[in-house]
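Remarks on the structure that follows.
The values are calculated or read from the model by the stated rules, or taken from the named source; none is laboratory data. These numbers come from a predicted model, not from an experiment. Don't worry about glycine lacking a Cβ; one is built from the backbone with ideal geometry, like all the others, and counts go over all protein chains shown. For accessibility, only protein heavy atoms count, side chains too; no ligands or nucleic acids. Shrake-Rupley method; radii C 1.70, N 1.55, O 1.52, S 1.80 Å.
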Amino acid sequence: MTAAFYRDYVVDLKDRIDRLHEDAERYQTFALTMELLAQRNLVTYTEKKAKGQTEGLCYRRDFTTGRAVQMQPQNAYGLFSGFFGLGQFLAFSGQVQQQNAGQLAEFLTGGWQYPTCAVHLVYRQKGASRTESTKMHFVGLNSDEDAVAYQQETERAQVLAQRRPLSSDRFFEWK
């Protein structure tokens, strides 16, 4: 079975996140958490707005040393923008069985060959009647050909979303 491609979804997601950063005042509330696994590092970006106050935290943790350092938000955001600019994306279904964070990171990134990004975004624009949210985890690839090669790994193919829209116990497209 072939995994579903998510390039169009990620382009739309990036546009929504960019609008959130460009004009936070358009939103009554929002909560954004992104985690990027790349080059033996975990970069975490969190930002939220509630009761008129916006706050955030960004840091990088090195998987080799375990050391964590705080990052400037614009530097962290630049890394995520770079990820969102890749050529193709596959989504994880949430059916992963690895025991610890190190094993999971190695498995999802194909031995640190491919970056992955988990995104959880919940927001409500001012005047909107409802909240919108998504919670997804993507692997970023350079092209459709790379996506096909990535999913040919038997164990990985079993944990990729096969059809859209994705809705599992752990991950879901917009609702």
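Residue-level check: of (1) within 24 Å of L141 (Cα to Cα); (2) touching a strand residue (DSSP E or B) at 6+ places or on another chain (Cβ under 9 Å); (3) free of Cβ contacts under 8 Å to residues at least 60 places away in the same chain; (4) open to solvent by less than 60 Å² (accessible area, probe 1.4 Å), L90 misses just (3). When segment 18-40 is limited to residues that are in contact with a Leu (Cβ under 9 Å, 6 or more places away or on another chain) and open to solvent by less than 40 Å² (accessible area, probe 1.4 Å), the one that is farthest from P73 (Cα to Cα) turns out to be Y27. Here is the figure for segment 98-132: residues that are outside any helix (DSSP H, G or I), open to solvent by 20 Å² or more (accessible area, probe 1.4 Å) and either charged (D, E, K, R) or within 24 Å of R16 (Cβ to Cβ) (or both) total 14.
For R170, indicate whether it is in a loop (DSSP other than H, G, I, E, B) and open to solvent by 50 Å² or more (accessible area, probe 1.4 Å). Walk me through how you get there before you give the answer.
Numbers: in a loop (DSSP other than H, G, I, E, B): yes; open to solvent by 50 Å² or more (accessible area, probe 1.4 Å): yes.
The answer is yes for R170.
So in segment 133-161, with the set limited to residues that are in a loop (DSSP other than H, G, I, E, B) and open to solvent by less than 50 Å² (accessible area, probe 1.4 Å), which one is nearest to H120 (Cα to Cα)? Filtering segment 133-161 for residues that are in a loop (DSSP other than H, G, I, E, B) and open to solvent by less than 50 Å² (accessible area, probe 1.4 Å), the one nearest to H120 (Cα to Cα) comes out as A161.
In segment 61-83 there is no residue that is open to solvent by 40 Å² or more (accessible area, probe 1.4 Å), of a type outside the set (D, E), within 30 Å of Q162 (Cβ to Cβ) and in contact with a Phe, Trp or Tyr (Cβ under 6 Å, 6 or more places away or on another chain).
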